[in-house]
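A quick write-up on the structure given underneath.
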Amino acid sequence: MTIETRKQMNAIEIEDVTALAELVKEYDGLALKLNMDMLKNRRDDVTNDFLCYQDGKLIGFLGMYGFNNKEIEISGMVHPEHRRQGVFTRLYEAAKAESVSRGIASMLFIVEDDARAGQAFAKKIGAEYEFTEYGMDLKNEGKAPQGGEVELVRAATEEDAAFIGQLMATGFGLPADEMKGNMSRDFNNPNKQVYIGKVDGENIAAISIGLGEAGTAFYYGFVVEPEYRGKGYGRYILWTLVKKMQAEGRTRLALEVATENKNALGLYQSVGFELTTAFGYYRLKNNY
């Protein structure tokens, strides 16, 4: 059994990870949050992917997904025939060493609510449950917005990136400067679209869309300035971008929302999104 690390995986490795994911999904009957689109578009300056091989066969995978130095998300899988052999423990140890070397404060393990083995592993290493996110897919037409019109423009400038970075700090408590850098990179990514919502020329909201294969569009980073909430602007923005993606031929529209965010949950349901999965997040703090 060997563990190999990658900054960027090649086409064959991506195919192997994809095939393993399909096998695991079918065997367990669970959803996996592996962010395949991100795996295919990794930066080339940091190690985020860990692969476990036995006799030349991929039997385990762990991916790290980081947006700042505060925390990094962890998701992975092990071939059903190679479980209870320490595969994921080896992958985790390699990932933890990498995260510590980068000064990351904590690791967030993503475990589907019905994945008992994953929950047991999180408990074993001392990770504590923190929150749950619902996965949602567009399933019906929803109700068209009444009022709340917003001008939507593609974000493209350093000023746009600075605004969105500050908005991420306000909405999610993320470091504004790091978010600004992430946004600047996203502007140049052909698989991502970033929009700013304006009312009377004033920036009031931001939302991003990741464009995946097989006609998928994933909405994320959706924040409305606090003073503009509850006025129908958020619903107008999401409705408009749902219709835009449908017009472009996107057949699966998806997003995630924290379970405690009741207002956002109601908004998404009103547009036509329905709950499909639930993922628990378990935090393990790195000790320095």
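Here, each number is a calculation from the coordinates, and none is a lab measurement. Here the structure is a predicted model, which is why all the values come from computation and not from measurement. All Cβ positions, even for glycine, are placed from backbone atoms using ideal geometry, and neighbour counts span all protein chains on display.
The aspartates and glutamates within cross-link reach of LYS143, meaning a Cα-to-Cα straight distance under 15 Å and a gap of 8 or more places when in the same chain, are GLU274. Which shape class, rounded, prolate or oblate, goes with region 212-287 when its Cα gyration tensor gives a ≥ b ≥ c as root eigenvalues, a/c under 1.5 marks rounded, and past that a/b bigger than b/c marks prolate? Verdict is oblate for region 212-287. Listing ARG250, ARG6 from fewest to most neighbouring C-beta atoms within 10 Å gives ARG6, ARG250. For LYS33, no residue has an amide H sitting under 5 Å from its own, ignoring neighbours fewer than 5 places away on the same chain, with H placed 1.01 Å from N. For the pairs LYS25/LYS123; LYS70/LYS124; LYS180/LYS285; LYS25/LYS244; LYS96/LYS123, note any where the Cα-Cα span goes beyond 20 Å. With Cα atoms farther than 20 Å apart: LYS25/LYS123; LYS70/LYS124; LYS180/LYS285; LYS25/LYS244. Overall form of region 141-271: rounded. Here a/c, set by the Cα gyration tensor axes a ≥ b ≥ c, is under 1.5. Using 28 Å as the Cα-Cα cut-off, could you pick out the over-long pairs in LYS57/LYS192; LYS33/LYS243; LYS139/LYS231? Flagged as over cut-off: LYS57/LYS192.
Placing one identical point scatterer on every Cα of the chain and ignoring solvent, what is log10 I(q)/I(0) from the Debye formula at q = 0.08, 0.10, 0.15 Å⁻¹? Log10 I(q)/I(0), no solvent term: -0.36, -0.56, -1.25.
Please give me, ordered by residue number, the GluC sites (Glu not before Pro) of region 175-257 that lie in loop per DSSP and have at most 15 other Cβ atoms within 10 Å. Could you put the intermediate results ahead of the total?
Working: sites: GLU178, GLU202, GLU213, GLU227, GLU248, GLU256; in loops: GLU213, GLU248.
Here the GluC sites (Glu not before Pro) that fit, given the DSSP loop and packing criteria, are GLU213, GLU248.
Once you sort the root eigenvalues of the Cα gyration tensor of region 2-133 as a ≥ b ≥ c, which label holds: rounded (a/c under 1.5), prolate (a/b larger than b/c) or oblate (the other case)? Rounded.
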